[in-house]
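The structure appears below as structure tokens.
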Amino acid sequence: MNIMVVGGGGREHAIIKKLKENKRVKNLYALPGNGGIAHDATCINIEATDLDAVVSFAVGNDVDYAVVAPDNPLVMGLVDRLEEAGIPCFGPNRAAAAIEGSKVFAKNLMKKYGIPTADFRVFDQLQQALEYVEQVPMPVVIKADGLAYGKGVTVAGTLEEAQGALRALMETRVFGESGAQVIVEECLTGPEVSVLAFTDGETVVPMISSMDHKRVGDGDTGPNTGGMGAIAPNPFYTPEIAQQCMDTIFRPTVQAMAEEGRPFRGCLYFGLMLTPDGPRVIEYNCRFGDPEAQVVLSLLESDLLTVMRAVTDGKLAKTPVRFSKKSAACVVMAASGYPGKYVSGEVIDLPAPVAEHVFAAGVRLGEGASLVTSGGRVLGVCAVADTLRAAVATAYERAQEIHFDSAYMRTDIGARAVAALEAEQ
Ligand code: AMP
Ligand code: GLY
């Protein structure tokens, strides 16, 4: 089979490594992939958002199956275009991807179907939004409706901050049309959990739970990033909470999307907060999380291609999806300065024995097949072990063996989860 994976980050590298385990895979293409992915797939220099070029590559190269991993091409309708060209895909079509593409759509869906989430109001007029936040308690959360590179959310501690965020989104339009509508919502508290779930539009199979580390600095300080590390499973997500989420969030969401005529097929990401009043949805994503995919797929024991095909074919109910009982950790090595300005083009010293545990993100090929940094998040260094403590320790040991000049990583990935686990014992 010829398989094409659209995207070029650490998440796509994790997907590709897993797909490669299937012996039926003959050619594996990554569009555009990256310098590290080039070790495991044939990278084709086509951007994920260049829909015409992606479709014509797929048709011209007899691609049998496509996996569309990033949010942008999904929201733009790449899956619809590929399916029109006769190529089966893993990933939601445009109508279903709206669950991430429009936060207003997602919030209204939850309201209509009684799915627990933060209370909210929607605004399309700046003045009304500015006046509204004068009346609400702080902190308050301001969200852009549309995609914003993961940066469209502000948790505002003061009125000035809230109004500043509203002006930036609605007046300055820092994220363009994504700020045409904004959501002002109640600020919730509690541990955050990411649950990725396979769904074929009817059956929903949650994967092992995980925890992202979104802030750039130790102790969850500094600005939000795409994610500085992840662990799985998430110790705050007990079997009782999992059952509650299945009954009040996962199944109702999948049914709601079907009832709306937008059946969701692919990986549906539930960003949850475990509040004192029970689990609440913070956000939906229409795809695997990054870096959650790196830890979750490291623990997947079933064949990924088989599960993905079952999702596409509506046969998930009959397909076993098994996870290891072990724990996984992923530490992101970034270029220092990220998520602000950072340097690129530094040579990466990545010894072969650790390379097999590394998922490449901001990496390109340099001279003589050397690896060179080309993005903010450069590498995700992973480990699987019997305990979470051991997985975290091994991931950090591996990271110590990797070098590039401006390398930066958090030193406390998994620390809170390990402490919570060990406090229980
Ligand atoms: P998002 O871009 O939707 O993932 O949001 C980024 C982060 O903002 C989340 O991971 C939470 O930490 C935080 N956040 C979003 N919504 C809320 C909320 N209603 N209450 C508290 N924190 C929130
Ligand atoms: N790690 C969060 C995300 O992928 O959106």
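The GluC sites (Glu not before Pro) of the range 122-172 that meet both conditions, a loop assignment by DSSP and at most 11 other Cβ atoms within 10 Å of the site Cβ, are 171. Taking amide H as placed 1.01 Å from N in the peptide plane, the amide H of residue 387 sits under 5 Å from that of 327, each at least 5 places away or on another chain. The charge dipole of the chain, taken about its Cα centre with unit charges on the Cβ atoms of Lys, Arg (+1), Asp and Glu (-1) only, comes to about 680 debye.
In the chain, a dipole from Cβ-located charges (positive for Lys and Arg, negative for Asp and Glu) runs towards its positive end, and of 324, 234, 407 it is 324 whose Cα lies farthest in that direction. Of interest is the spacing of the C-alpha centroids, which for the range 159-212 and the range 119-156 amounts to 11 Å. Between residue 325 and residue 128, the distance separating the two model label sites (each 7 Å from Cα on the Cα→Cβ line) works out to 5.6 nm.
Packing, as the average of other Cβ atoms within 10 Å across residues, places the peptides 379-391, 279-291 in the order 279-291, 379-391, highest first. With contacts taken as Cα pairs under 8 Å and at least 6 residues apart, the chain reaches a relative contact order of 16 percent.
Can you sort 145, 64 by how many other beta carbons sit within 10 Å, fewest first? Working shown, then result.
Working: 145 25, 64 15.
Final ranking by Cβ density, sparse to dense: 64, 145.
Measuring from centroid to centroid over Cα atoms, what is the spacing of the range 1-75 and the range 317-347 in Å? Their Cα centres are 18 Å away from one another.
Can you bin the range 304-415 into rounded, prolate or oblate? Criterion: square roots of the alpha carbon gyration tensor eigenvalues sorted a ≥ b ≥ c, rounded for a/c under 1.5, prolate for a/b above b/c, oblate for the rest. It is prolate, given that a/c is not under 1.5 and a/b is the larger ratio. Pairs over the 21 Å Cα-Cα cut-off, from the set 107/151; 18/325; 111/318; 17/318; 103/214; 103/151: 111/318; 17/318. The calculated FRET efficiency for residue 50 paired with residue 83, based on their beta-carbon distance and R0 = 22 Å, is about 0.80.
Can you compute the helix-only [θ] at 222 nm over the chain? Use -39500 (n - 2.57) per DSSP H run of at least 4 residues, normalise by all residues, nearest 500 deg cm²/dmol. Walk me through the numbers on the way to the answer.
Numbers: 15 runs with 134 residues, N = 425.
Here the helix-only value at 222 nm equals -9000 deg cm²/dmol.
Between residue 136 and residue 186, the modelled labels are 1.1 nm apart [label points 7 Å from Cα along Cα→Cβ]. Exposure proxy shown here: for 228, 273, the number of other Cβ atoms within 10 Å sets the order, fewest to most, as 273, 228.
Which shape class applies to the chain: rounded if a/c is under 1.5, otherwise prolate when a/b exceeds b/c and oblate if not, where a ≥ b ≥ c are the square roots of the Cα gyration tensor eigenvalues? Here the chain falls in the rounded category. Ignoring aspartates and glutamates fewer than eight residues from residue 112 along the same chain, the ones with Cα atoms less than 14 angstrom from its Cα are 259, 260.
Ordering 26, 18 from the fewest to the most neighbouring beta carbons within 10 Å gives 26, 18. Averaging the sequence gap over all C-alpha pairs within less than 8 Å and six or more residues apart, then dividing by the number of residues, gives the range 292-361 a relative contact order of 30 percent.
Read the figures in this text as sums done on the coordinates, not as results from a lab. Predicted model, so just to flag it, every value in this text is computed and none were measured. Glycine also receives a Cβ, built like all others from the backbone with ideal geometry; neighbour counts cover every protein chain displayed.
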